[in-house]
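I am attaching a structure below and will ask some questions about it afterwards.
All of the numbers you see were taken from the coordinates with simple rules; none came from a lab. As the structure is a prediction and not an experimental result, all values here were calculated from the model. Methodologically, a virtual Cβ is constructed for each residue, glycine included, from the backbone with ideal geometry; neighbour enumeration extends over all protein chains shown.
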Amino acid sequence: MSSVTYHALWLLGALALIALGSALITRHLRLREWRRQGAEDALEALARYCEWLAEQRRSAGFSLQRPGPADALAQLRSLQQARFPQLAPAMVQLLAVHARTLDFLWRQQLLRLNDPEAWLESDHDGRFMALWREHRAAVHALADLLRERAGGPLHDAEPESVFPA
């Protein structure tokens, strides 16, 4: 084997290794960007859901007319399942609090319509705020895990912005 052939083979081998390394780095960067974008989308859906819940406290009656929890939670759930399956326990916690909150809101709406005096005496605001604190803990746990799993800095809709003091 001549010296030129020997060096050409080494050069081809080095170029093949460089191409493989470049492909692996590109794949890693694309996957990280895909996860980061998914985390941003999930945080935005979480913020929309939080805004809807905050609106329920401010409104006189419970309303599902405006697109809110169903759309935002469906998007959040699909993103969590597709891109962050390890966050299932945090998502289950949020959905459990959501179910209790919806039950409370429906019961309060029925009580307000059927017996306004009993509704006024029911300490609905105090019970709502207790559910709100549970909701806040579940939202922050999920948001923190999303930020941790994103793999890069996020430009997100901060769910904290919709919480009352």
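Report the far tail of the P(r) of the chain, meaning the percent of Cα-Cα pairs longer than 27 Å.
43
Something else: Sorted by packing (mean other beta-carbon atoms within 10 Å per residue), highest first, where do 42-55, 5-18, 81-94 land?
Most protected by this proxy first, the peptides run 42-55, 81-94, 5-18.
If you don't mind, another one. Could you size up the charge dipole of the chain around its Cα centre, putting +1 on the beta carbon of Lys and Arg and -1 on that of Asp and Glu, and report it in debye to the nearest 20?
That gives the chain a dipole magnitude of about 660 debye.
On to the next question. May I ask you to derive the FRET efficiency for ALA16 and GLU148 from their Cβ-Cβ distance with R0 = 25 Å, giving the value to the nearest 0.05?
Rounded to the nearest 0.05, the efficiency is 0.10.
Hey, if you put +1 on the Cβ of every Lys and Arg and -1 on every Asp and Glu Cβ in region 3-162, which of ALA118, TYR6, ALA23 ends up farthest toward the positive end of that dipole?
Highest projection toward the positive end goes to TYR6.
Give a residue-ordered list of calculated ³J(HN,Hα) values for region 89-104 (Karplus: 6.51 cos²θ - 1.76 cosθ + 1.60, θ = phi - 60°; whole Hz; x for Gly, Pro).
Here the 3J(HN,Hα) series is x, 5, 5, 4, 4, 5, 5, 5, 5, 4, 4, 5, 5, 4, 4, 4 Hz.
Apply the Karplus curve 6.51 cos²θ - 1.76 cosθ + 1.60, θ = phi - 60°, to the phi angles in region 30-39 and return the couplings in whole Hz, x for Gly and Pro.
Result, rounded to whole Hz: 5, 5, 5, 5, 4, 5, 4, 5, x, 5.
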